[in-house]
Amino acid sequence: MIIWGDDVDNEAQELENAVSVEKVRRWLQEVVIAHNFCPFAQREFDAGRVRYRVLEGRKSKEAIAALLDELHFLDEHADTETTLLVLVDGWGDFYDYLALLDRAQQALEDAGFEGVYQLASFHPNYIFADEAVDDASNYTNRSPLPLLHLLRESSIERAIANDPDVDLIPERNKQLARAKGAAFWRSLLANIHS
């Protein structure tokens, strides 16, 4: 399910948004699902329970308002498992994005959604705090566009209950990313952009 951030009257902008969503869908299929970075993603993807919302503009207030709208949407639509907020304009600077992520987390908590939803982050230039910029493990969280990912805590809890090794997923993902090497992931993401 795709929704644009605002009513899109311009056909060119609508096409651009559709291309952005397609890049994110391909990344989800060709990176996250194909390499099993998230063993729970394929079921929701195949069932069409992933919502994509395109956010235009570089204003934090608008991004936070859209995030809060999505939290309310998820509350009212149990048939939608998760939302990927696709930030199509700006937010290319990873540190600006991290500042937005901090504000988004605070807004989630202030709105009373802590423990109900979790916020995950993906960015084209993602760098784990304890890793070198060129470490291949960063590709476990690198996406074609900046994303804010809203997940249901109840689904995470069910996944943890059904998979006692769920805590090992991040380390397994980092090992896989390093085994394939940064050049492999760069090429894969470049192919998604083409």
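The values are calculated or read from the model by the stated rules, or taken from the named source; none is laboratory data. Quick caveat, the model's predicted, so the values are computed rather than measured. With ideal geometry, Cβ positions are generated from the backbone for all residues, glycine too; neighbour counts draw on all protein chains shown.
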- residue 95 is checked against (1) surrounded by 14 or more Cβ atoms within 10 Å (Cβ to Cβ); (2) under 21 Å from residue 125 (Cα atoms); (3) out of contact with any Asp or Glu (no Cβ under 9 Å at 6 or more places or on another chain) and fails just one. What number does that condition carry? (1)
- Query: Out of (1) exposed (fewer than 14 other Cβ atoms within 10 Å of the Cβ); (2) modelled with pLDDT of 95 or more, the odd one out for residue 43 is which?
  - Reply: (2)
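I'd like the residue in the stretch 46-69 that is loosely packed, with under 14 Cβ neighbours inside 10 Å and either of a type outside the set (D, E, K, R) or in contact with a Phe, Trp or Tyr (Cβ under 7 Å, 6 or more places away or on another chain) (or both) and, out of all such residues, is farthest from residue 122 (Cα to Cα). Spell out the reasoning first.
So in the stretch 46-69, the residues loosely packed, with under 14 Cβ neighbours inside 10 Å come out as 46-48, 59, 61.
From what's left, either of a type outside the set (D, E, K, R) or in contact with a Phe, Trp or Tyr (Cβ under 7 Å, 6 or more places away or on another chain) (or both): 47-48.
Numbers: 47: 22, 48: 20 Å.
The qualifying residue farthest from residue 122 (Cα to Cα) is 47.
Residue under question is residue 169, and the condition is that it be within 19 Å of the chain's Cα centre (by Cα), part of a helix (DSSP H, G or I) and among the hydrophobic types (A, V, I, L, M, F, W, C); does it hold? Give the derivation first.
Working: within 19 Å of the chain's Cα centre (by Cα): yes; part of a helix (DSSP H, G or I): yes; among the hydrophobic types (A, V, I, L, M, F, W, C): yes.
When the stated conditions are applied, residue 169 passes them.
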- Message: Name the single residue that is nearest to residue 140 (Cα to Cα) among those in the stretch 20-40 being surrounded by fewer than 16 Cβ atoms within 10 Å (Cβ to Cβ) and not charged (D, E, K, R).
- Response: 36
